Amino acid sequence: MIAGPCSVESETQILEAARLVKEAGAQCLRGGVVKYRSSPYSGWEGLGSTDTESLKRGLALIVKAGREFGMPTVVEILDPGDVPVYEDAGVDCIQVGEPNSKNQALLNRLRTTTLPVIHKRGNSLDTEAYLLWVERMMTGGKENVILCERGIASATRYTRNTLDVGSIAAFHYQLSGLPVAVDASHGTGIRDLVHPATLAGIMAGASVVLVEAHPNPLIAKSDGFQGLFPEQLRALVRAARETWELRRRLDREYQPSAVLERGYMARMQADRERLFRS
Ligand code: PEP
Ligand code: MN
């Protein structure tokens, strides 16, 4: 479970966030230092958005918070030229955000980092097209990659995006051997829907949870409306653990068709005669 604020906002904020993530029982700390914003008028693009020095200072804050509480850190990257800055700062896992899901230059550059990468699915990328963008990053042999379903564009306007639970199942049970993360924070964009949608993602095949939580989401500088209150994160970690155990148990009942098909193929003619007399 990877949890933390949408963005790193101050030293005290990320330290408090790290404490609450740790106390909730999650394993990794997330937080963006440069934020990709869809409007130039949003006002907040992250502590590290002005220049490389500010990026280094921002990364140092989350790395310090993670280390203080014994948690690896996950931080989004925007610019391929910044990969060494993330590596040198001691970030443990790089996030490719939704808007960069098919950023060719960035994905090519990430081929050569030894850091794991969590690659979010673009919100208008078809299931298989997304996997091809993921494969772009892996063509030189990189294997430490985590898929992430964070919601796609659809007819629904009530939720921020539509969490594509069917594709989570397709990634895990059919199309890929990579671990799959569910991000129901961006997938729903509604704090009170994050808990049930995360559990649905785990049941569908996710083995990693990415979730936004904040010491006080009501004053968060980005994505506060979807950030969990500390109490909610604690409850979600407990529920996610139980859901994971349940899925592992129920997976024993999962019967892939390929195992059965051979037997049914062998009796097709006999069944045609018996069922349709033809
Ligand atoms: C985020 O993780 O804070 C984020 C901006 O996510 P996405 O790229 O999925 O919108
Ligand atoms: Mn966010």
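Bear in mind these aren't lab numbers, they're just calculated from the coordinates by the rules spelled out. Being a predicted model, the structure only gives us computed values, none of them experimental. Virtual Cβ from ideal backbone geometry, glycine too; neighbours counted across all protein chains shown.
Enumerate the amide H contacts of Ile146 below 5 Å, restricted to partners 5 or more residues apart or on another chain; note that Pro and chain-start residues carry no placed amide H.
Val117, Ile118, His119
For Thr52, what charge total do you get from the other residues with a beta carbon under 13 Å from its beta carbon, if Lys and Arg give +1 and Asp and Glu give -1?
Here the charged neighbours net out to -3.
As a test of the formula, what do you get for the chain when each DSSP H run with n ≥ 4 contributes -39,500 (n - 2.57) and the sum is divided by the residue count, at 222 nm and rounded to the nearest 500 deg cm²/dmol?
-13500 deg cm²/dmol
Restricting things to Cα coordinates, could you compute the convex hull volume per residue of the range 2-276 in Å³?
Cα convex hull per residue, to the nearest whole number: 152 Å³.
Counting other C-beta atoms within 10 Å, and keeping those with at most 12, which DSSP coil chymotrypsin sites (Phe, Trp or Tyr not before Pro) do you find in the range 143-196?
Here the chymotrypsin sites (Phe, Trp or Tyr not before Pro) that fit, given the DSSP loop and packing criteria, are Tyr158.
What FRET efficiency comes out for Thr114 versus Tyr254 if R0 is 25 angstrom and r is the Cβ-Cβ distance? Round to the nearest 0.05.
Computed FRET efficiency for Thr114 and Tyr254: 0.15.
Given the peptides 125-133, 137-145, 24-32, 65-73, arrange them by the average over their residues of other C-beta atoms within 10 Å, most packed first.
Most protected by this proxy first, the peptides run 24-32, 65-73, 125-133, 137-145.
At what distance in angstrom do the alpha carbon centres of the range 189-208 and the range 221-278 lie from each other?
Their Cα centres are 14 Å away from one another.
Given springs between every Cα pair under 10 Å in a Gaussian network model of the chain, which of His119, His214, His172 has the largest fluctuation?
Residue with maximal mean-square fluctuation among His119, His214, His172: His172.
Could you run the Karplus curve 6.51 cos²θ - 1.76 cosθ + 1.60 with θ = phi - 60° over the range 189-196 and give me ³J(HN,Hα) per residue in whole Hz, x for Gly and Pro?
x, 10, 3, 6, 9, 5, 4, x
Relative to the longest principal axis of the chain, what angle (0 to 90°, nearest 10) does the C-alpha long axis of helix 11-24 take?
Once rounded, the angle reads 40 degrees.
Each residue of the range 98-108 in turn: what ³J(HN,Hα) in whole Hz from Karplus with 6.51, -1.76, 1.60 and θ = phi - 60°, glycine and Pro shown as x?
Those phi angles translate into 3, x, 9, 4, 10, 8, 4, 5, 5, 5, 4 Hz.
Convert each backbone phi in the range 247-256 into a coupling constant with the Karplus relation 6.51 cos²θ - 1.76 cosθ + 1.60 (shift: θ = phi - 60°), then list the ³J(HN,Hα) values in order as whole Hz, x for Gly and Pro.
4, 4, 5, 5, 4, 5, 8, 7, 10, x
Please state the charge dipole magnitude for the range 2-276, taken about the Cα centre, from unit charges on C-beta atoms (+1 on K and R, -1 on D and E), reported in debye and rounded to the nearest 20.
Magnitude of the dipole: close to 480 debye.
Each label point is 7 Å from the Cα along the Cα-to-Cβ direction; what then is the distance between the points at Thr162 and Glu11, in nm?
According to this spin-label approximation, the distance is 4.7 nm.
How about the range 199-254: which chymotrypsin sites (Phe, Trp or Tyr not before Pro) there are in a DSSP loop, with at most 12 other Cβ atoms within 10 Å of their Cβ?
Tyr254
Charges on Cβ only, +1 for Lys and Arg, -1 for Asp and Glu, centred on the Cα centroid of the range 2-276; of Trp133, Gln255, Ser10, which one is farthest towards the dipole's positive end?
Gln255
With the cut-off at 1.5 for a/c, could you classify the range 55-164 from its C-alpha gyration tensor as rounded, prolate or oblate?
Oblate, since a/c reaches 1.5 and b/c is not below a/b.
Can you give me the angle between helix 52-68 and the longest principal axis of the chain, using Cα atoms only, in degrees from 0 to 90, rounded to the nearest 10?
The angle comes out at about 70 degrees.
Within the range 2-276, how many Lys pairs that are eight or more residues apart, or on different chains, come under 22 Å at the alpha-carbon?
Pairs that pass both the separation and distance tests number 14.
Which of Leu260, Leu210, Leu106 moves most in a GNM of the chain, Cα contacts under 10 Å?
Leu260
Taking the alpha-carbon centroid of each part, what is the distance from the range 1-71 to the range 74-99 in angstrom?
Spelled out, the Cα-based centre of one part sits 12 Å from the other.
Under 9 Å from the Cβ of Arg136, count the other residues' Cβ atoms, weight Lys and Arg +1, Asp and Glu -1, and hand me the total.
Its environment carries a net charge of +1.
What residues qualify as long-range amide H neighbours of Val209, i.e. H under 5 Å apart, gap of 5 or more or another chain, H built at 1.01 Å from N?
HN-HN under 5 Å from Val209: Ile2, Val182.
Given H placed on each backbone N at 1.01 Å, which residues far from Ser222 in sequence or on other chains put an amide H within less than 5 Å of it?
Residues meeting the amide H criterion: Ser7.
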